[in-house]
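> Got a structure for you, questions after.
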Amino acid sequence: MSNTLSKLVSIFSYTLLAVSVLLFVGYLSGWNDEGILIGWVYVLTALSIGITLAFAFIGLAMFPKKAKFSLIGVGALFLIFGISYLFSSDGSVSTHIMEKSGISLNMSHLIGMGLVATYILSIFALIGIVFTEISKIFK
């Protein structure tokens with residue numbers, strides 16, 4: 001990164017930090033409410049998502065061969081989510097909790113999907129760790 005761009009990024013980062021600190025101190029002192037803080041969090045979240053997507057697309061454009069592998073990884077993740085949606089059930093959350101918190105059957109099904117996807121991805125991570133350690137022994 002060039003020196004000028006580095007300085008601009010630093011100034012931008014410190015400005016965001018200063019505004020965040022001022023809003024937090026203002027909340028603690030009572031001159032603003034949590035609505036302002038929540039709005040600021042939305043702004044920071046949108047900014048983070050936008051910058052992340054911009055750099056991701058710039059990276060895909062600069063390195064198209066690596067883009068193929070990235071898209072395969074994203075496709076595999078969608079496949080895992082699809083499989084976990086098929087294997088999840090509506091009974092992931094008890095009826096009492098569903099009534100108390102206002103969770104619908106569809107939301108319960110999505111909760112189950114998230115749990116099953118977490119289990120599948122955890123198993124893949126453990127297999128990867130074991131495979132890596134075993135392959136280190138034989139090198």
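> Determine, yes or no, whether SER70 is over 22 Å from LEU121 (Cα atoms) and without any contact (Cβ under 8 Å) to a residue 24 or more places away in the chain. Outline the logic, then answer.
Numbers: over 22 Å from LEU121 (Cα atoms): no; without any contact (Cβ under 8 Å) to a residue 24 or more places away in the chain: yes.
So SER70 fails the test.
One line per residue, one yes/no per condition, for (1) in the same structural domain as PHE55 (by TED's automatic domain parsing); (2) out of contact with any Asp or Glu (no Cβ under 9 Å at 6 or more places or on another chain); (3) in contact (Cβ under 8 Å) with a residue 24 or more places away in the chain:
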| residue | (1), (2), (3) |
| --- | --- |
| THR4 | yes, yes, no |
| SER10 | yes, yes, no |
| LEU16 | yes, yes, yes |
| VAL19 | yes, yes, no |
| LEU23 | yes, yes, no |
| TYR27 | yes, no, no |
| ASN32 | yes, yes, no |
| ILE36 | yes, yes, no |
| LEU44 | yes, yes, yes |
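> Being among the hydrophobic types (A, V, I, L, M, F, W, C) and within 27 Å of SER70 (Cα to Cα) is the filter here, so list the residues in the stretch 10-55 that pass it.
Here is the first cut: in the stretch 10-55, the ones among the hydrophobic types (A, V, I, L, M, F, W, C) are 11-12, 16-19, 21-25, 28, 31, 36-38, 40-41, 43-44, 46-47, 49, 51, 53-55.
Across the stretch 10-55, the qualifying residues are LEU44, ALA46, LEU47, ILE49, ILE51, LEU53, ALA54, PHE55.
> Take the stretch 1-31 and flag every residue that is among the small types (Gly, Ala, Ser) and part of a helix (DSSP H, G or I).
Scanning the stretch 1-31 gives SER6, SER10, SER13, ALA18, SER20, GLY26, SER29.
The values are calculated or read from the model by the stated rules, or taken from the named source; none is laboratory data. Values in this document were obtained by computation on a predicted structure and should not be read as measured data. Cβ: placed from backbone, ideal geometry, glycine included. Neighbour counts: every protein chain shown.
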